[in-house]
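Heads up, the thing below is written out as structure tokens.
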Amino acid sequence: MAPALDYDIEAARPDAGEKRPSHSGKGDGFPEPSSTTRVVKVDHAPPHHGLVDPASRLPIEYRTLSIHVDTMDQLGYAGKKKAKGANVKDLTELDWHKVSVLEVLRRLSVSPETGLDSTQCSRRLASNGKNVISPPPSRLLQKILSWIFGGFGSLLLVCSIVCFIAWKPLGNPNPQASNLALAVLLLLVVLLQTVFNAWQDFSTSRVMASIQGLLPGSVSVIRDSIQKSVPAADLVVGDLVIISLGIKIPADLRIIENSGLRFDRAILTGESEPVSGTVDKTDDNMLETKNVALQGTHCVAGSGIGVVIQTGDNTVFGRIAKLSANASSTMTTLQRELLHFVVIIACLALAIAVVIVILWAGWLRRSHPDYINVPNLLIDIVSVMVTMVPEGLPVAVTLSLAKVASTLGSHKVICKSLSIVETLGAVNVLCSDKTGTLTKNQMHVEDCAIYDHTYTKSSFQTLINNTPPDHVRAENIAQMAAVGAICNGAEFSKEASEGSKNPIIGDATDSAILRFADSLVPVEESRRPWDEVYKINFSSKTKFMLKLSKLATSDLDGDRPAPLASWDYIEKDCYLLTSKGAPEILLPRCSYVLNPTGGAPIPLTHDVSSIIAKIQEDWASEGRRVLLLARRVLPSSLVPENFKGDEFAFEELVEEMHRELVVVGLVALIDPLKDDIVHTVRVCRGAGIRFLVVTGDHPATSVAIATQAGIISNPATIHHASDLNPKLDPEFVTEYDYPDKEGRALKSIVITGPELSSLNSTQMHQLIQYDEIVFARTTPEQKLTIVREFQKRLNVVAMTGDGVNDAPSLKAADIGIAMGSGSDVAREAADMVLLDSFESIVVALEYGRLVFDNLKKTILYLLPGGCFAELMPVLLNIIIGVPQVLSNLQMIIICIGTDMASALSLCLEKPEQGLLTRKPRNIRKDRLANLGLFLQAYCFMGVLQCLCAMSMSFWYLQRRGIPFSSLVFGYGNWPNLSQEDLDRAQSVYFFTIVITQWGNLMSTRCRRLSIFQHTPAKNWYLFPAMACGLCIAVFVSYAPFFQKILQTRGVAVEFYFIPMTFVIGIIFCDEMRKHVVRTYPNSFVAKLSW
């Protein structure tokens, strides 16, 4: 995932060269704001190279930035030191929205009547530049260099250059063609790796589409006392912009005149609900206040005037666009592991090369001056480099990731980046939403209550139907259906339904309540008497919905339309305020509760409130979501005449009127668990992953659902925030480790968002160590905090989400997982999208681990034959003076030819049994290449193969009348050895390595299981791969062209069949090792196993 980066956000500032205004008020300079600088931590996504809709990308950055600004404001980070240059400010320091209109105009030296004059505009335009968003740098050269020099590319390229030098000029006057062939072959390897690196980069990345079309072409301004149209690019700070219906805001504007302005901020926030414009600030956060019109947003109502406070890249839009386009230097866990492996191999190769040079310079050059000359020394060094480098690894990595991504795609799991797949295998914390993830998001009302009378849905329907209209309680119980229908954002679809129920357009909660209300009284009948005037939609912050309606009829002599009752004081043109939301939020705003037996409402005393709260707790403990319905009748005198519902002053008035409500009742909704969720949770927890619930629901509801899903083991022993000791020394906290220790105190806990915000660092550390955690009543900001706190303690976090507000936490997590039914913004922020069932995450986790497993197997396969067994002939040639029984060109052929197909076949291995019962990989300890792997590759498998190949090669020479005793310590003095004999001995060694690699392949494909448990039949690609490797060896050894160029030779039939017996021996030895590991898991052998 992308890290938090220090990002300097500059304050809007006109031309620095202008003078400050004089005391007389003359002059066109102005004082700059405070020069204190602060750095905002901003998360941004990696760069992409195909087209991404900015409407999906920009809200992610906007919301993350807004959260960080809010957090810094709350923590009081004022007065930080300057960062990266003078006159640099971040959004938390900007105060354009906080100061008065007169102060803004004074700072900008602009008159509200005449605007700027032409001289000022020209000077400011020349100083600050045009009002355009700078295009992101392409960084093409940087990418090309990374493709070429990435991984082992730089090492191989240097080796190729050394071979060219060894050929000419150092090889003169008799340059060896084999040196030239080796140089060309190494260049081809570098080219092949470059192509694969480029293909992987382009196949997994995208770029944001052009944002220039999101900005206007021209705009109306007031300059030189007249209104004129100017190109938006020529706007300067201080310009007075005429805001009218339909225009796109050309720059960041401080609103100085407002006549019913409303702005669509969807391009930045991802939400289509317009926000009103105001003259005065509504929030200390500049990104959330309503007296600033942000560049790129749309005016959808009203008119007004705004003064430009920021232009071009300094606008909020420009900064977010820059964040979205900038490259990220963060590496995935797989990239870090590959880099770690590259560094180890490179260091080993360089160390051996240095030893060879020292031996040559200090010993061989003096004792045996005719043995190895400078060109041969360089080729020996190159040979060491080539033998140590597993050239087939880049192709294997690409194929492995592509195969797993393809497999996940068949399970309807979309991975947006190949390299992120492996990170799944290291996930040890999974934060899951409740609604729509654990549950089906198919809510229905199960129960309802009016004061202390509780009813099932069917019994309440019966009560409504059997109560005569003139009964004393009729008008009270009828209010449940009326408020449920009126205070509701869902609508019945006009399209015909194939089923028995009419389809509903709206979210699951509103749809369930609308269906319930319609089952009591037709919704159209409940809504007909009321005209909607104003509404506030439900949000995760407010946790309630509000609607203000006006009585549509003036005839009040007959029956009063529900929810009006005979005891209500009403008048012509009265208003009805209805509200629906979390009981703990709305109950403090209520003063009365309906009497279920009829008559006037009951005062909401403490005892009455306790009865209602008890019903809520009882229902919530059964896993039901509880909402409170309330209403208030307002006389027309409380609502100003000719008001405009989009004015902020009216919003404040509605907030004031949202008091003294009458509790109409409670409704309990059930959202059933998904059929597969219990199995999914059990598998995840069995895989050592802590499965946490992060939801906005009531704590009791969340715990009940978590218990049903198997996330909470014993709700009777669950802890709360009060159990977290604020003074406990962290050293005395038993940290969580899988499997969890029996009897450990920190087992299960439920904590709410407000409680989370009040924890100190010591309590937070205790909280993170719990095995089972339910976070309830959380906000998007708190979700982001949860992710950060777990990551801070070295956890690999996966976060699920589907809403626009989830985007920051999805992007901050190591793996962001969005549901296919979620918002575009959530899907863009996530690394992975589940198109179907949540159960598919089990497949994703298993194959994420499989990637790591298969890459370990690939590396282990490549190292013994392709590295160690190739290195030993070079070292023995130098140290004990025997002929080099494997040519440098044959080394390359093994690495990129005979070994390649078999290495790739390991990438297609199926998961071994028990893969999801292992402990999650610790990304800081469990490395791709660790000590156990190198011991297995070099000291076990490598030694076996090397002994086999050496014995076959020297046995061949023995049969030719050249005993080993005549070769050892010869240092070039081998009188009976002809070049033809050496060429054939090298081919014997070559074929022995190619064939014994089959034993390595069959042993390596199983990490712990026996070959009889994880049979080769599970991967039929193995056999064609082995045959392919042998065919390549035969082709390059028998074809006359290669025999001439590469000095290869064919071998006798016994040198095919004898190595096959070695294959059986290698498999047997490794089977014995695995048996010891399985039988004695705590033994020394098991601890050293890979």
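Since every read-out is calculated from the coordinates, none of them should be taken as a lab result. Just so it is clear, the structure is predicted and the values come from calculations on it, not from any experiment. Methodologically, a virtual Cβ is constructed for each residue, glycine included, from the backbone with ideal geometry; neighbour enumeration extends over all protein chains shown.
Here are a few things to note about the model shown:
- Distant-in-sequence amide contacts of Cys431, defined by a placed amide H-H separation under 5 Å and a gap of 5 or more residues or a different chain, comprise Leu692, Ala798, Met799, Thr800.
- Relative contact order %, region 530-596, counting alpha carbon pairs below 8 Å whose residues are six or more apart: 33 percent
- Relative contact order (percent, whole number), the chain, Cα cutoff 8 Å, 6+ residue spacing: 11 percent
- Packing here is the average count of other Cβ atoms within 10 Å per residue, and on that basis the peptides 374-382, 701-709, 1015-1023, highest first, run 701-709, 374-382, 1015-1023.
- Note on Tyr1080, Tyr1038: ascending count of other Cβ atoms within 10 Å places them as Tyr1080, Tyr1038, the fewest first.
- Note on Lys614: aspartates and glutamates with a C-alpha under 19 Å away, same-chain residues under 8 apart excluded, are Glu446, Asp447, Asp452, Glu584, Glu622, Asp697.
- Above-threshold pairs, the threshold being 22 Å between Cα atoms, out of Lys403/Lys1018; Lys811/Lys910; Lys412/Lys440; Lys248/Lys811; Lys919/Lys1087; Lys543/Lys674: Lys811/Lys910; Lys248/Lys811; Lys543/Lys674
- Cα centroid of region 694-772 to Cα centroid of region 990-1059, whole Å: 55 Å
- Shape of region 444-670 from the C-alpha gyration tensor: rounded (a/c under 1.5, with a ≥ b ≥ c the square roots of its eigenvalues).
- Look at Trp567, Trp955, Trp998 and count the other Cβ atoms within 10 Å of each Cβ; fewest to most, that gives Trp567, Trp955, Trp998.
- Estimated 222 nm signal from helices in the chain, with DSSP H stretches of n ≥ 4 weighted -39500 (n - 2.57), rounded to 500: -12500 deg cm²/dmol
- Close amide H partners of Gly665, meaning residues 5 or more places away or on another chain with modelled amide H under 5 Å apart, are Leu629.
- C-alpha long axis of helix 677-686 to longest principal axis of the chain, angle in °: 40 degrees
- Residue order, fewest to most beta carbons within 10 Å, for Val663, Val842, Val300, Val404: Val300, Val842, Val404, Val663
- Entry for volume of the Cα convex hull per residue in Å³ (calculated from the structure that is shown) out of (i) 201; (ii) 226; (iii) 213: (ii)
- Links that overshoot a 26 Å alpha carbon limit, given the list Lys434/Lys747; Lys434/Lys856; Lys168/Lys1044: Lys434/Lys856
- The mean sequence separation of alpha-carbon pairs under 8 Å and at least six residues apart, normalised by the residue count of region 850-1090, gives a relative contact order of 29 percent.
- Distance histogram in 10 Å bins (all Cα pairs of region 850-1090, percent per bin): 7, 31, 33, 19, 9, 1, 0
- Nearby aspartates and glutamates by direct alpha-carbon distance to Lys143 (threshold 14 angstrom, same-chain neighbours under 8 apart not counted): Asp201
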